[in-house]
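To start, the structure under review is shown below, and the notes come after it.
The values are calculated or read from the model by the stated rules, or taken from the named source; none is laboratory data. Nothing here was measured: the structure is a model prediction, and the numbers come from that model. Cβ sites come from the backbone with ideal geometry, for glycine too, and all protein chains shown count toward neighbours.
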Ligand SMILES: [Zn+2]
């Protein structure tokens with residue numbers, strides 16, 4: 001791993017907070033160090049308050065900020081003396097910790113301080129860098145993890161056993177480091193969690209992370225070499241690497257999986273096929289079921305991915321129902337008065353094929369895809385030189401059902417997006433009309449397939465390609481809006497039929513420029529609208545009349561009063 005520090009940029013920086021922003025972003029640019037909001041950083045500095053008094057302040061990453069894009073406003077300024085006093089309390093609930101950290105801020109408009117703020121305060125250096133580096137968590141998620149970390153770093157790194165993040169972790173570090181000679185160590189490894197490095201200088205703290213992680217990466221490489229030499233010696237031949245795979249995906253089956261998972265979630269989901277190299281390798285691994293269901297790489301991933309994926313074999317329905325029962329069992333085994341989350345999976349491994357990530361939005365599914373790709377890579381690597389061993393189900397449960405996460409559930413805004421997770425294909429048409437329809441659908445939360453590169457669906461191939469694009473980009477198709485009364489649209493509808501059948505509420509809305517006609521097909525539920533605009537579309541006014549009707553048509557179609565089986569809307 002290379003340091004991304006550039007003197008030309010650093011020479012322009014002149015405040016501690018600006019240095020903090022700079023090196024935080026350098027850490028954030030490396031996905032093997034932190035992913036999507038993971039990790040946190042801080043800087044300790046002095047601030048003169050309103051009364052001319054100098055105060056020691058910890059600027060620590062605010063929750064909701066990502067290291068890759070963080071700005072000065074993303075750091076919460078918290079009084080150091082309060083944080084250090086909190087570390088001495090015998091107990092403190094995480095909700096109270098968040099409350100009192102917030103009360104100790106010198107700027108009430110700043111974001112909530114990271115839940116690791118107390119831990120950052122305890123470390124007696126100006127700059128503290130914390131990452132969830134892949135190489136460190138790969139090593140610590142093995143049965144011999146601690147021994148390997150000690151073999152690798154010896155006394156240069158202080159090792160803290162796994163404990164739940166938040167006050168419990170800060171307290172443990174406080175107790176364990178009371179007599180520590182901080183100058184004698186280069187970093188702290190938190191088992192199954194990550195790495196801390198520190199210095200009074202921004203560059204040294206950052207480059208220490210790069211250096212220690214590079215050592216861990218080289219250590220793993222060396223372990224892999226030793227293992228393959230041993231295999232070669234025993235068998236007389238070099239071990240096989242993973243074979244190149246040529247996976248074939250049945251898109252109709254993928255659309256069906258999306259439909260079933262959405263039904264289990266109780267809301268439309270996007271389903272993104274993840275055919276990255278590690279995903280395909282793990283999907284074809286002979287011990288797939290065993291190694292892929294041991295748990296996440298770091299406990300905070302559970303919030304995005306759930307503890308384990310569903311493994312799809314021959315019978316998708318049976319696999320999903322088994323997943324649901326096991327999730328309920330897991331909840332019942334560890335719950336203490338919490339509210340159960342949804343029992344549908346957030347990602348799947350499709351045996352012999354690839355992985356699939358689910359989400360209410362493409363963004364959410366892509367985050368899951370990134371996290372799980374790194375996890376698959378770590379599992380496969382650990383399995384080659386040792387064994388992948390995640391934290392226990394109970395320890396993961398405590399993070400999934402953390403009081404701070406449960407509080408977020410209660411606050412979760414009731415969004416007003418009836419089309420969230422749904423996939424809509426809109427055929428290209430007169431720009432104004434299409435723009436209005438696309439804007440309206442997007443406002444309602446739909447994923448709208450951009451068909452701008454297509455001009456007319458005059459060949460079956462073009463129709464087929466458009467329909468398949470919906471499944472490849474989003475996992476399926478729910479609504480097809482044909483904006484022209486063109487006979488080729490019928491060909492498109494027929495081509496999309498299979499995917500619409502596997503949609504959640506398959507609907508086809510056909511609208512021409514003059515009327516909002518009824519188009520029917522035996523197998524597709526069609527919205528029948530009998531209103532018409534008996535006007536020519538030549539003038540701007542008439543176009544607006546058309547737009548008005550289009551919008552009302554879509555509004556009616558989306559109305560809870562709309563019954564797709566009866567082909568009518570009560571208005
Ligand atoms: Zn962490």
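Please list, ordered by first then second residue, the pairs with beta carbon atoms under 7 Å, 6 or more apart or interchain, first in region 40-56 and in the same structural domain as residue 75 (by TED's automatic domain parsing) and farther than 15 Å from residue 17 by Cα, second part of a strand (DSSP E or B) and within 16 Å of the ligand (Cβ to nearest atom).
From residues that are in the same structural domain as residue 75 (by TED's automatic domain parsing) and farther than 15 Å from residue 17 by Cα, there are no pairs.
Tell me, which residue of region 120-134 that is assigned to a helix (DSSP H, G or I) and buried (at least 24 other Cβ atoms within 10 Å of the Cβ) is farthest from the ligand (Cβ to nearest atom)? Let's see the steps before the verdict.
Taking region 120-134 and keeping what is assigned to a helix (DSSP H, G or I), we get 120-122, 134.
If we keep only those that are buried (at least 24 other Cβ atoms within 10 Å of the Cβ) as well, we get 120-121, 134.
Values: 120: 11, 121: 15, 134: 13 Å.
The selected residue is 121.
Given the conditions (1) closer than 17 Å to residue 124 by Cα; (2) surrounded by 14 or more Cβ atoms within 10 Å (Cβ to Cβ); (3) more than 16 Å from the ligand (Cβ to nearest atom), which single one is not true for residue 42?
If we test residue 42 against (1) closer than 17 Å to residue 124 by Cα; (2) surrounded by 14 or more Cβ atoms within 10 Å (Cβ to Cβ); (3) more than 16 Å from the ligand (Cβ to nearest atom), just (3) comes out false.
Go through (1) at pLDDT 75 or above; (2) part of a loop (DSSP other than H, G, I, E, B); (3) under 21 Å from residue 256 (Cβ atoms) one by one and return the number of the condition residue 505 breaks.
(1)
Is it true that some residue in region 429-437 is in contact with a strand residue (DSSP E or B) (Cβ under 7 Å, 6 or more places away or on another chain), assigned by TED's automatic domain parsing to the domain that holds residue 507 and on the phi < 0 side of the Ramachandran plot?
Checking region 429-437: at least one residue is in contact with a strand residue (DSSP E or B) (Cβ under 7 Å, 6 or more places away or on another chain), assigned by TED's automatic domain parsing to the domain that holds residue 507 and on the phi < 0 side of the Ramachandran plot.
What are the residues in region 45-72 that are under 20 Å from residue 109 (Cβ atoms), within 16 Å of the ligand (Cβ to nearest atom) and in contact with a strand residue (DSSP E or B) (Cβ under 9 Å, 6 or more places away or on another chain), if any?
60, 61, 62, 63, 65, 70
Given the criteria more than 16 Å from the ligand (Cβ to nearest atom), touching a residue at least 24 places away in the same chain (Cβ under 8 Å) and outside any loop (DSSP other than H, G, I, E, B), does residue 92 qualify?
Details: more than 16 Å from the ligand (Cβ to nearest atom): yes; touching a residue at least 24 places away in the same chain (Cβ under 8 Å): yes; outside any loop (DSSP other than H, G, I, E, B): no.
When the stated conditions are applied, residue 92 does not pass them.
For residue 165, which of the numbered conditions (1) within 16 Å of the ligand (Cβ to nearest atom); (2) part of a helix (DSSP H, G or I); (3) in contact (Cβ under 8 Å) with a residue 40 or more places away in the chain fails to hold?
Every listed condition holds for residue 165 apart from (2).
Looking at region 1-53 only, could you name the residues that are farther than 26 Å from residue 298 by Cα and assigned to a strand (DSSP E or B)?
44, 45, 46, 47, 48
Residue check, residue 337 against (1) over 19 Å from the mean Cα position of the chain (by Cα); (2) assigned to a helix (DSSP H, G or I), all met but one. Which one?
All conditions pass for residue 337, except number (2).
Testing residue 227 on (1) surrounded by fewer than 22 Cβ atoms within 10 Å (Cβ to Cβ); (2) in the same structural domain as residue 383 (by TED's automatic domain parsing), one condition comes back false. Which one is that?
(2)
Take the residues of region 378-395 that are within 18 Å of residue 286 (Cβ to Cβ) and assigned to a helix (DSSP H, G or I): which is nearest to the chain's Cα centre (by Cα)? It would help to see each step written out before you state the result.
Quick first cut of region 378-395, residues within 18 Å of residue 286 (Cβ to Cβ) only: 379-388.
With assigned to a helix (DSSP H, G or I) added as a condition, the list becomes 379-385.
Details: 379: 18, 380: 21, 381: 22, 382: 23, 383: 24, 384: 27, 385: 28 Å.
My answer is 379.
So residue 327 fits all but one of (1) in contact (Cβ under 8 Å) with a residue 60 or more places away in the chain; (2) crowded, with 20+ Cβ neighbours inside 10 Å; (3) closer than 20 Å to residue 403 by Cα; what number is the exception?
(1)
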